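Participant: Structure below; questions to follow.
The values are calculated or read from the model by the stated rules, or taken from the named source; none is laboratory data. Predicted, not measured: the structure shown is a model, and the values here were computed from it. Note: ideal-geometry Cβ built from the backbone for every residue, glycine included; neighbour counts use all protein chains shown. Ligands, DNA and RNA are excluded from the accessible area calculation, which covers all protein heavy atoms including side chains. Shrake-Rupley method; radii C 1.70, N 1.55, O 1.52, S 1.80 Å.
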Amino acid sequence: MATKTAVQPKRHTLNKSTRETLIAYSFIAPNFIGFTVFTLVPVLFAFILAFMKWDGVNAMEFIGFANFTRMLRDKNFIQAFWHTIVYVLGTVPLTLVCSLALAILLNQKIFARNFFRTVCFFPYVASLVAVAAVWNFLFNPSMGPVNQILASFGAETLPKWAAGKNTAMLTVILFSVWKNMGYYMVIFLAGLQGVNPELYEAASLDGANKWQKFRNVTLPQLAPTTFFVTIMVIIQSFKVFDQMYMITQGGPGTSTLVLVYQIYNEAFVGTPEYGYASAISMVLFALVLAVTLVQFRGEKKYA
């Protein structure tokens, strides 16, 4: 009697290339899902919301470009826009100069160099709440050490710093520079490590002094690094919020009101106006996008 051989079902196996591709996607999937849920979807929703009127309770109402035309009549928005520009113009050059100067100084063979590098970097990693509290104490108009030192030197009119309308923005700018320059100092230090020492030797043989070496050797070699730091500081400055919140709360009055703080006020203070807040965020997005486009063009220049 003939026996029938059982037919085994054909098993489909993935080839090695497909398996490796799936493994790679499995590693990036959590980050991609998180980016989609917490960044991409909210950005798209904010773009749609910019053309709506919505308080978070009632139904959304499409109002077209009314939110954008409202900005032209909104005194707070105009002030916030120009205060943001002033903050950027004040913070960017000071941060570049201070961080580069620190990097050049701490790139030399000096005593306790690593200690001073750590001290300069510490404000960047320290808690913003803690350093803001210390800063407010140091620059307290009535009993702060800074004003006491100025008074000991004979200053008759002492600045009010964060409490004065004319000095509040300057106070926040100085605070931001002090807190962030250590981070950019590290980036400049990395750039200085890549400068060919033979260039300095050749400049010395030609009789160049320290200033000539800095201008003709150091700065040209640091051009890509300087460009990168400039873009990063500009973008960070346009998005400033935490410094204003911790130091001045946008005041006195509206003297330190910036775009992100205005967005916060419209969306979370008083009656929410999410549509108008989203429209302001789109203006901020356009500013940051313009800087990013400049960055792309600059990358071609330094490639």
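Participant: Taking the stretch 214-260 as the region of interest, how many residues are within 20 Å of Ala130 (Cα to Cα) and free of Cβ contacts under 8 Å to residues at least 24 places away in the same chain?
Facilitator: Going through the stretch 214-260 one residue at a time, the tally reaches 4.
Participant: Follow-up. In this structure, does Ala279 turn out to be without any contact (Cβ under 8 Å) to a residue 24 or more places away in the chain, among the aliphatic types (A, V, I, L, M) and open to solvent by less than 70 Å² (accessible area, probe 1.4 Å)?
Facilitator: no
Participant: Which residues, counting only those in the stretch 161-173, are in contact with a helix residue (DSSP H, G or I) (Cβ under 8 Å, 6 or more places away or on another chain) and either among the hydrophobic types (A, V, I, L, M, F, W, C) or at pLDDT below 90 (or both)?
Facilitator: Trp161, Ala162, Ala168, Met169, Leu170, Val172, Ile173
Participant: Can you find a residue in the stretch 87-104 that is open to solvent by less than 40 Å² (accessible area, probe 1.4 Å), within 30 Å of Val217 (Cβ to Cβ), not in a helix (DSSP H, G or I) and not charged (D, E, K, R)?
Facilitator: Within the stretch 87-104, none of the residues are open to solvent by less than 40 Å² (accessible area, probe 1.4 Å), within 30 Å of Val217 (Cβ to Cβ), not in a helix (DSSP H, G or I) and not charged (D, E, K, R).
Participant: Taking into account only those residues within the stretch 267-292 that are modelled with pLDDT under 85 and assigned to a helix (DSSP H, G or I), which is farthest from Ile85 (Cα to Cα)?
Facilitator: It comes out as Thr292.
Participant: Another question, if that's okay. Residues being touching a Ser or Thr at 6+ places or on another chain (Cβ under 7 Å) and within 21 Å of Ala66 (Cα to Cα): count how many of those fall in the stretch 241-282.
Facilitator: Looking only at that region, the number is 2.
Participant: Can you give me the ranges of the helices (runs of 4 or more DSSP H) entirely in the stretch 126-208 with at least 1 residues that are without any contact (Cβ under 8 Å) to a residue 60 or more places away in the chain, out of contact with any strand residue (DSSP E or B) (no Cβ under 9 Å at 6 or more places or on another chain) and more than 29 Å from Thr230 (Cα to Cα)?
Facilitator: On the way: elements: 128-138, 145-152, 168-193, 197-205.
Of the helices (runs of 4 or more DSSP H) lying wholly inside the stretch 126-208, those with at least 1 residues that are without any contact (Cβ under 8 Å) to a residue 60 or more places away in the chain, out of contact with any strand residue (DSSP E or B) (no Cβ under 9 Å at 6 or more places or on another chain) and more than 29 Å from Thr230 (Cα to Cα) span 128-138, 145-152, 197-205.
Participant: Could you tell me which residue of the stretch 239-260 is modelled with the highest pLDDT, considering only residues that are part of a helix (DSSP H, G or I) and surrounded by 21 or more Cβ atoms within 10 Å (Cβ to Cβ)?
Facilitator: Of everything passing the filter in the stretch 239-260, Leu259 is modelled with the highest pLDDT.
Yes/no matrix, rows are residues, columns are (1) over 16 Å from Val97 (Cβ atoms); (2) open to solvent by 70 Å² or more (accessible area, probe 1.4 Å):
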position	(1), (2)
Lys160	yes, yes
Ser176	no, no
Gly194	yes, no
Leu205	yes, yes
Arg215	no, yes
Val229	no, no
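Participant: If we keep just the residues of the stretch 16-68 that are over 19 Å from Tyr264 (Cα atoms) and hydroxyl-bearing (Ser, Thr, Tyr), which is modelled with the highest pLDDT?
Facilitator: Thr36
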